[in-house]
Amino acid sequence: MTTAQPRLLVAAAASGSGKTTIVCGLLAALYRRGLRVVGYKVGPDYIDPGFHRAAGHCEVLSLDTWLTPPAVMKGLFARTSRGADVAVAEGVMGLYDGGRGGVSSSAEIAKLLGLPVVLVVDARSMGQSAAAVALGFREYDRSVDLRGVILNRLGSASHRDTIAEALERVGIPLLGAVMRDEALALPERHLGLVPEAETHDVAQLARIREAVERGVDVDALLAIARSAPPLPLPPEGTRLCAAKDVRIAVAQDLAFSFYYPDSLSALEDRGAELIPFSPMQDEALPEADGVILGGGFPERFAGELAANASMRRSVARAAERGVPILAECGGMMYLCRSITDMEGAAFEMAGVLPASCRMQHRLEAVGYVEARALRDTVLGPAGTLLRGHEFHFSAMTPEAEDFPWAFRIERKRTGAAHSGGYARGNVLASYLHLNLAGLPDAADSFLARCRAFRGASSGGR
């Protein structure tokens, strides 16, 4: 079985080339034309998809062959893109960059999904060399279907013309040229872009759309998307769609917003009703059989989190009662005794973990990892192997001699290994970011713990 789904991938020669800005402008332009779009982001990223959603008023999902097996990723793409007028994916880093051996690179995803590729080249400090860069990217792997180039951050019309002539000589189509304009820049901080939910700058997205409509041949990009080859589909898996028999409270506010939609869907498909709550604003946890505290920026909102003492007590009591709690990165920081921010100010947190977290002025960890459970956890028995991703500026320091480390974690790029995370009873907290769509056994295990807790707690709820 195949599909002729219109689709394309916007990649770049390197990180920082402006591909997120270009994709946002393209999605907004397509939405303005009345087209139904669906967006995707290659690799482990929670922030860029927020801008895509706001620009294109569309669903945005992750494409990753480390966090989800290729067959699962293909099925996800086929299911979520079906019926859309066009699917637009944004690449990660440079076109050929990913994990060790190129795993989950934009190029790998493009070949697996038959995505025509448009390359964004930051031309600020280049003339004809921009054409040489594009030529090198095309020739490096001819099995990647590179269709043309969008030049970004050009200084003038003559700058554009110089590169356009060079591209024509090497037979690479120029599909767009966007001039240098600091007003188009998206705000950044230590983990990259500031999440769209914090800025929600509608006027900024309108400026980006206007710049893309002015400088990019949107009709040509649509034609490229519509010329994508038929995509062989994996066999349609059985979606569980079980009756909702277990309630999971999910932290969702400005401090905790890092979730893969398909990871949450994996829980819903298995019978979970997801109940959002705000550790910043709500007084207590909602009635639930389990709790998920995702990643985010608790250090940015540490004052508000510390001030909400009733919620901190509610979370601590839930842990004492044996409510299954899964905390990822920022969620783990919240469960610690305190967070010290980059200015050195310390804020009291939930105190579930006998540990403290301190923000560092350099990146502590980034990259794909494998984590082997050192003990039984809510995600499976001792020995369970999980694939995940880490990206954090904070460091967690245990404050107990018998600290119950959860995992032995191996960094896939370097092979370095270390102990990480916390597991005791029904609490599991670590720096790992996971996608449960790629870890069905772990999803089943977590929900089994939640159902067991519900059954054991005074006649259920």
Members of the stretch 319-331 that are in a helix (DSSP H, G or I) and within 28 Å of the chain's Cα centre (by Cα): A319, G330, G331
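Can we say A78 is closer than 30 Å to E182 by Cβ and hydrophobic (A, V, I, L, M, F, W, C)?
Working: closer than 30 Å to E182 by Cβ: no; hydrophobic (A, V, I, L, M, F, W, C): yes.
When the stated conditions are applied, A78 does not pass them.
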In the stretch 100-116, residue surrounded by the fewest Cβ atoms within 10 Å (Cβ to Cβ) [restricted to those that are modelled with pLDDT of 90 or more and at positive phi]: G114
Test: R207 is open to solvent by 20 Å² or more (accessible area, probe 1.4 Å) and in contact with a strand residue (DSSP E or B) (Cβ under 9 Å, 6 or more places away or on another chain): no
Flag if E108 is touching a helix residue (DSSP H, G or I) at 6+ places or on another chain (Cβ under 7 Å) and under 23 Å from A211 (Cβ atoms): no
Top-ranked residue in the stretch 300-336 [being over 27 Å from G271 (Cα atoms) and in contact with a Ser or Thr (Cβ under 7 Å, 6 or more places away or on another chain); ranked as surrounded by the most Cβ atoms within 10 Å (Cβ to Cβ)]: M333
Any hit, the stretch 175-197, residues being of a type in the set (A, V, I, L, M, F, W, C), modelled with pLDDT of 95 or more and closer than 26 Å to E108 by Cα: yes
Pick from the stretch 248-296, criterion part of a loop (DSSP other than H, G, I, E, B) and among the aliphatic types (A, V, I, L, M), ranking: most open to solvent (accessible area, probe 1.4 Å): L254
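Of all the residues that make up the stretch 34-65, how many are outside any helix (DSSP H, G or I) and in contact (Cβ under 8 Å) with a residue 12 or more places away in the chain? Working first, answer last.
Taking the stretch 34-65 and keeping what is outside any helix (DSSP H, G or I), we get 34-47, 57-65.
Those left that are additionally in contact (Cβ under 8 Å) with a residue 12 or more places away in the chain: 35-47, 57-65.
Looking only at that region, the number is 22.
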Counted residues, the stretch 177-188 - those being over 15 Å from R124 (Cα atoms) and open to solvent by less than 60 Å² (accessible area, probe 1.4 Å): 3
Enumeration of residues in the stretch 359-374 that are open to solvent by 90 Å² or more (accessible area, probe 1.4 Å) and either at pLDDT 95 or above or touching an Asp or Glu at 6+ places or on another chain (Cβ under 8 Å) (or both): R372
Counted residues, the stretch 337-354 - those being surrounded by fewer than 21 Cβ atoms within 10 Å (Cβ to Cβ), in contact with a Phe, Trp or Tyr (Cβ under 8 Å, 6 or more places away or on another chain) and at pLDDT 95 or above: 3
Whichever residue in the stretch 375-431 is assigned to a loop (DSSP other than H, G, I, E, B) and at positive phi and, among such residues, is surrounded by the fewest Cβ atoms within 10 Å (Cβ to Cβ): G415
Positions within the stretch 1-49 being more than 25 Å from W66 (Cα to Cα) and open to solvent by less than 20 Å² (accessible area, probe 1.4 Å), in sequence order: I22, C24, G25, L26, L27, A28, A29, L30, V37
Candidate set: the stretch 433-461, residues that are touching a helix residue (DSSP H, G or I) at 6+ places or on another chain (Cβ under 9 Å) and part of a loop (DSSP other than H, G, I, E, B); chosen: the one surrounded by the most Cβ atoms within 10 Å (Cβ to Cβ): N435
Sole residue being on the phi < 0 side of the Ramachandran plot and at pLDDT 95 or above, chosen from L264, L240, L233: L264
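The rows are residues; the columns are (1) crowded, with 19+ Cβ neighbours inside 10 Å; (2) farther than 17 Å from R147 by Cα.
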residue: R53; (1), (2): no, yes
residue: V60; (1), (2): yes, yes
residue: K74; (1), (2): yes, yes
residue: A87; (1), (2): yes, no
residue: L119; (1), (2): yes, no
Any pair with Cβ under 8 angstrom, 6 or more apart, that starts in the stretch 418-441 at a residue that is over 17 Å from Y46 (Cα atoms) and ends at one that is among the hydroxyl-bearing types (S, T, Y) and assigned to a loop (DSSP other than H, G, I, E, B): G420/Y431; G421/Y431; D441/T384
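The values are calculated or read from the model by the stated rules, or taken from the named source; none is laboratory data. Treat the numbers as computed from the prediction; the structure is a model and nothing was measured. Reconstructed Cβ throughout: ideal geometry from the backbone, glycine too, with neighbour counts over all protein chains shown. Surface accessibility is based on the protein's heavy atoms, side chains included, excluding ligands, DNA and RNA. Shrake-Rupley method; radii C 1.70, N 1.55, O 1.52, S 1.80 Å.
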